[in-house]
Each structure stands twice: as C-alpha cells, then as structure tokens.
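The values are calculated or read from the model by the stated rules, or taken from the named source; none is laboratory data. Bear in mind that the values here come from a model prediction, so they are computed numbers and not experimental data. Positions of Cβ are backbone-derived with ideal geometry, glycine not excepted, and every protein chain shown enters the neighbour counts.
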Amino acid sequence: MSLTLFYGVPEGCSFGSIVALEWSGLPYRLCRVQMPEVVSGQDYRHINVVGETPSLLLPDGRLISESMAILNCIGARSIDKGLGFAQGTAEFDRLNQMLAYLNTSFFNAFSALWHTAEHELEPTEKQVLVAYGKAKVEKAHHMLERLLAGRKWLLGDGPGIADAYFTGIARWNEFHKAVDIGLFPAVNELYQRMQQEPAVRFAHAIEHQEKAESIGRFLGEIDLDEALGLLRRAA
Ligand SMILES: N[C@@H](CCC(=O)N[C@@H](CS)C(=O)NCC(=O)O)C(=O)O
C-alpha cells in the first residue's frame, strides 16, 4: 500500500504536504476532503479524530495528523533526496525551527481573519477582529522577513519542505488582503519563486480540479469511502 494524503479544500494548509510528496518521489495517493462539510463529518472522524486536514495514511495502516508530523514523516523517508535530515544535524534543527515557526506564529496569525470570514459578526466586533488580525499577520511577516535575512530559501540552497508549507499558508494573505507583501521583499521573492515550482503548480491544479502533471509518483485520487476501505483492510 502507498501513502495516502487527506487534503482539505479550499485553500487548505495541506498544500505543502502535497508539494512535499511530489518532491519525495514516494508513491502516493490523494483523498480530497471538502471543508467544512466533510472534514467535520462522522466518516472523516475515522481518519482524524479532531476533524482537521491534513492526515496521512501510511502503508502499514497507521494514521498521522498535524502538518509538522506529516512533513517530518515525508522528510524522514526522503533523506536521500535532500528533503529531510537525520535528527541531531544542523539541517534537521533548522527545518524543525522553521516548521515550528510556520505552524504556530505564521499559521495562527490568520486565525482572527478566518473567524471574521466564516462567521456572522456585529460590525464593531468584526472591525476590531479585522484590525487585530491584520496586525498579527503584519507582525508574522516582519518576523519571517528577519528569519529569511540573507537567504533565498528557508533552509539550504534550494526549495524544501519548509518553503512548501510556507507557500500554502502565505497565499491566505491574498485572500484576506491583510498586508502588502511587496513591503516584505524576502518573503515576497520566496513566495513568487515558489510559484514557478512544478510541484507547486501541480498542487494548485489538484486543488482546483484542473489537469495536473505530476513530477513525482502520484498514483491518483481516491474518495473517502475507498480510503476507509483501505484503512479497514490494513487493520
Ligand atoms: N495543527 C493542525 C491544524 C490543521 C487545521 O487547522 N486544518 C484546517 C485546514 S487548514 C482544517 O482542517 N479545518 C477544518 C475546518 O475548516 O472545518 C496542523 O498543523 O495540521
């Protein structure tokens, strides 16, 4: 059995995990999970008890959730590709640091803005939350600009797992029109550079259900029923 990634749409943070799988050269399938309907349903609870995407089903039937765990799991299986690193090395520590920053400060900076977009709010309540949310996103961009100082990529000399995860979250700024990314040259250049990556184009095409050309070992999509069947058989 190959790996199966359960990815959330629209605009999910699973995006980086799709890109990482493409780069890994590992055989994998994808299972599309519509948010908020399917992700919060009873069936998907068999995959992810807290009702979130992404989740990764491993060939031995184990399920992993949480982006950091999933990205590190893909990295650990792709050390020969320079995607992951052995624990204890400087590269592993930097990758973990960047993923932790992105998964906490950067990701959470968008929480208030998502709340305003997904809930009916009183005008003053909304105004306060939008102002707070934009300030959080601005601060997170300032921090990232400093973390990127003198670097083209978050880690090393080429695109990697942290850049992939960054790309899936950074696009939320376009949706919320929170900050002018042009004011953060290093962040902006990284974001623009990543758009040229074939694996990033692939992940966009998958999300939008357009013709997607894999540069990796993508084996196709399966639906949730089929994935639950695989899980039962692996048990
Ligand atoms: N800490 C989790 C957060 C996952 C998360 O919040 N996923 C969102 C999509 S980006 C989700 O599934 N939300 C459920 C919903 O929208 O109902 C991770 O890093 O994987």
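Taking the numbered list (1) part of a helix (DSSP H, G or I); (2) closer than 30 Å to Tyr28 by Cβ; (3) basic (Lys, Arg) in turn, Lys126 passes all entries but (2).
Does region 216-235 hold any residues that are at pLDDT 95 or above and over 17 Å from Tyr44 (Cβ atoms), and which are they? The answer is Gly216, Arg217, Phe218, Leu219, Gly220.
Of all the residues in region 213-235, those that are in contact with a strand residue (DSSP E or B) (Cβ under 8 Å, 6 or more places away or on another chain), part of a loop (DSSP other than H, G, I, E, B) and among the aliphatic types (A, V, I, L, M) number 1. Consider region 97-131 and keep the residues that are within 14 Å of the ligand (Cβ to nearest atom) and polar (S, T, N, Q). The one that is nearest to the chain's Cα centre (by Cα) is Asn103.
Filtering region 15-42 to residues that are among the charged types (D, E, K, R) and more than 21 Å from Met1 (Cα to Cα) leaves only Glu37. No other residue among Ser67, Ser105 is within 25 Å of Lys136 (Cα to Cα) and in contact with a Phe, Trp or Tyr (Cβ under 7 Å, 6 or more places away or on another chain) apart from Ser67.
Give region 129-153 a look and list any residue that's assigned to a loop (DSSP other than H, G, I, E, B), hydrophobic (A, V, I, L, M, F, W, C) and surrounded by 14 or more Cβ atoms within 10 Å (Cβ to Cβ), or say none.
Step one: list which residues in region 129-153 are assigned to a loop (DSSP other than H, G, I, E, B), which gives 148-153.
Filter again for hydrophobic (A, V, I, L, M, F, W, C), leaving 148-149, 153.
Matches in region 129-153: Leu148, Trp153.
For Ala212, the requirement of being assigned by TED's automatic domain parsing to the domain that holds Gln34 and buried (at least 18 other Cβ atoms within 10 Å of the Cβ) is met. Only residues that are away from the ligand (no atom under 12 Å from the Cβ) and of a type in the set (D, E, K, R) were counted in region 49-73, giving 2.
Within region 73-87, can you find the residues that are in contact with a Phe, Trp or Tyr (Cβ under 9 Å, 6 or more places away or on another chain), surrounded by 15 or more Cβ atoms within 10 Å (Cβ to Cβ) and touching a residue at least 12 places away in the same chain (Cβ under 8 Å)? Listed by number, the residues that qualify are Ile74, Gly75, Ser78, Leu83, Gly84.
Filter the helices (runs of 4 or more DSSP H) completely within region 1-112 down to those with at least 3 residues that are among the hydrophobic types (A, V, I, L, M, F, W, C).
Values: elements: 15-24, 42-45, 67-76, 90-101.
Those helices (runs of 4 or more DSSP H) span 15-24, 67-76, 90-101.
With respect to Val9, is the statement that it is under 24 Å from Trp172 (Cα atoms), in contact (Cβ under 8 Å) with a residue 24 or more places away in the chain, hydrophobic (A, V, I, L, M, F, W, C) and within 13 Å of the ligand (Cβ to nearest atom) true? Judged against the criteria, Val9 is a match.
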